[in-house]
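The values are calculated or read from the model by the stated rules, or taken from the named source; none is laboratory data. The shown structure was predicted, so the numbers you read here are calculated from the model rather than taken from an experiment. Neighbour counts run over all protein chains shown; Cβ positions are idealised from the backbone, glycine included.
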Amino acid sequence: MSDVAPASLPPAARGGWSGRAIVALALVAILGPFAWISTASFKTQIAIYAGQFPFTPTLSNYADVLFGRRSDFAANIGNSVLVALVSTVAVLAVGTLAAHSLRRFRWPAWVSAGFLGWTLVFHMVPVLTLLGPWYIAFRDLGLYDTRAALVLTHVTINLPMTVWLMTAFLREIPPEIEEAARVDGCTPLDAFLRIVLPLALPGLIAAGILAFVFSWNEFPIALSLTSRQTATVPVAIARFAQQYETQHAQMAAASVISTIPAVLLMFCGQRFIVRGLTLGAVK
């Protein structure tokens with residue numbers, strides 16, 4: 001068998017190794033920190049400081065985080081699940097109806113363009129600039145340090161992205177399908193619920209996953225508007241860094257636990273998210 005000189009290989013084959021090297025570096029950059037955290041979650045604090053490897057794994061960190069007498073992490077998980085689920089359902093309901101109204105009703109072009117432009121501008125506003133007004137408003141309304149305050153803020157932040165994503169999905173649904181349902185006797189609401197929503201299910205899944213993951217991982221708003229009892233998972237993880245000591249082992253275990261729901265959702269809904277973000281890019 002004769003050897004083929006690298007110069008005689010096609011460009012795609014010659015560039016294959018460089019492409020693989022870039023992918024390998026990207027995997028190391030992405031998975032490396034998570035591998036370190038996962039390993040540290042099974043070490044003792046002394047083993048982490050000493051950099052012991054190999055080491056004797058232990059589950060005591062997970063036991064301390066979930067069942068420790070001074071740990072509220074299980075309650076924090078419940079807060080995050082409740083806030084993320086309620087805010088996701090609310091933002092999907094409001095965002096889908098707004099996107100459907102832009103598609104179904106013949107608004108003037110300047111109205112629909114202005115509304116979508118306003119949502120895009122609001123989405124670009126840094127969250128930190130809104131913390132002060134939100135704190136004053138929720139304090140005056142008696143909603144400070146409540147889950148309702150987090151739900152309202154998360155819905156407000158996720159709504160622009162949901163409206164844009166659902167508008168792109170609903171525009172791909174031919175209006176003749178809905179008109180045929182109207183001819184068969186469906187009311188506008190029945191046509192929306194029985195025809196439009198099932199066809200837009202991939203968009204709902206993509207928008208729902210993105211909204212849930214954002215709410216699950218959101219930190220500055222939860223830090224500013226909650227206390228120990230209503231804190232979410234990111235705030236609870238940050239509190240392992242105390243004034244005189246940082247509990248690296250417990251923080252690593254809590255980080256691994258908090259990552260599992262987001263990773264599972266992103267893994268299960270990856271194809272829907274990719275379709276939603278690239279919809280309309282190629283005609």
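What are the residues in segment 67-81 that are of a type in the set (A, V, I, L, M, F, W, C) and either part of a loop (DSSP other than H, G, I, E, B) or farther than 17 Å from H248 by Cβ (or both), if any? Please lay out each step first, then the result.
Residues of segment 67-81 that are of a type in the set (A, V, I, L, M, F, W, C), as a first pass: 67, 73-75, 77, 81.
Passing the criteria: F67, A74, A75, I77, V81.
Can you tell me which of F115, F122, F138 is aromatic (F, W, Y) and touching a Pro at 6+ places or on another chain (Cβ under 9 Å)?
Among F115, F122, F138, only F122 is aromatic (F, W, Y) and touching a Pro at 6+ places or on another chain (Cβ under 9 Å).
Since L128 meets every condition but one in (1) over 30 Å from R103 (Cα atoms); (2) at pLDDT 90 or above, which condition does it not meet?
The number of the failed condition is (2).
Out of all the residues in segment 147-193, which are among the polar types (S, T, N, Q) and over 30 Å from G132 (Cβ atoms)?
Selection gives T167, T187.
Quick grid of which residues meet (1) crowded, with 17+ Cβ neighbours inside 10 Å; (2) farther than 28 Å from A222 by Cα:
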{"residue": "K43", "(1), (2)": "yes, yes"}
{"residue": "F55", "(1), (2)": "no, yes"}
{"residue": "L59", "(1), (2)": "no, yes"}
{"residue": "Y62", "(1), (2)": "yes, no"}
{"residue": "L66", "(1), (2)": "no, no"}
{"residue": "R69", "(1), (2)": "no, no"}
{"residue": "F73", "(1), (2)": "yes, no"}
{"residue": "N76", "(1), (2)": "yes, no"}
{"residue": "S80", "(1), (2)": "yes, no"}
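Just to be sure I understand, how many residues within segment 202-248 are part of a loop (DSSP other than H, G, I, E, B), hydroxyl-bearing (S, T, Y) and touching a residue at least 40 places away in the same chain (Cβ under 8 Å)?
4
Kindly provide the set of residues from segment 116-165 that are among the aromatic types (F, W, Y), touching a residue at least 24 places away in the same chain (Cβ under 8 Å) and assigned to a helix (DSSP H, G or I), ordered by number.
F122, W134, Y135, F138, W164
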